[in-house]
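See structure below.
Since every read-out is calculated from the coordinates, none of them should be taken as a lab result. No experiment lies behind these values; they were computed from the predicted model shown. FYI the Cβ positions are ideal-geometry reconstructions off the backbone, even for glycines, and counts take in every protein chain you see.
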Amino acid sequence: MALHQGLSFGKDWVFTYGPLGFLSTRITAYVGIFPLLVYDAFAVGVLIYILRFAFKDLNDLSKCLTIPYLIMMTSHNSEATFQLFMLFLFLIFHNYRTKSLISIGLATILCILIFFIKLNLGIVTSLILFILFSW
């Protein structure tokens, strides 16, 4: 509603949910369905990127069974920022192990998305990213 009325986030209003909070609540009022489809395509792309590395490095059956369990647990939580945060953490640890520029780039994009979806978790992810870059 704030976007529809021309209010600016951070200057006119700040709530727990930011200007992209509709990605978490999945309410398409005033924005339509296209942003949700773009967000879903991006999230699926990041998940495919992560699964490619996860299944390549797993040699044990118990580890292979853990991945579907974690995916199921994150999909049961309706909060988009929780799902993005899980993907963010994997990418941070993956970057720590492999120094992959793609992983740190995706983690940065996720950090920005989380910040504009939910401010409080966005501050946490920004701190984690800042510590990673300054380390």
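Phi-derived couplings, Karplus 6.51 cos²θ - 1.76 cosθ + 1.60 at θ = phi - 60°, listed residue by residue for region 29-38: 4, 6, 10, x, 8, 4, x, 5, 5, 5 Hz, with x used for Gly and Pro.
Sequentially through region 97-111, phi angles give Karplus couplings (6.51, -1.76, 1.60; θ = phi - 60°) of 7, 10, 6, 7, 5, 5, 4, 6, x, 5, 5, 5, 4, 5, 4 Hz, Gly and Pro residues having no value and appearing as x.
Taken over the alpha carbons of region 91-130 as equal point scatterers, the Debye sum produces base-10 log I(q)/I(0) values at 0.27, 0.28, 0.29, 0.30 Å⁻¹ of -0.83, -0.86, -0.90, -0.93.
Packing order of peptides 98-106, 32-40, highest average first: 98-106, 32-40 (average count of other Cβ atoms within 10 Å over each peptide's residues).
Need the full-extension length gain, Leu61 to Val38, defined as separation in residues times 0.36 nm minus the C-alpha distance. One decimal, nm. Don't jump to the answer; show the numbers that get you there.
On the way: separation 23, 0.36 × 23 = 8.28 nm, distance 3.40 nm.
Computed gain between Leu61 and Val38 is 4.9 nm.
Once both labels are positioned 7 Å from their Cα atoms along Cα-to-Cβ, the gap between Leu89 and Arg52 label points is 2.4 nm.
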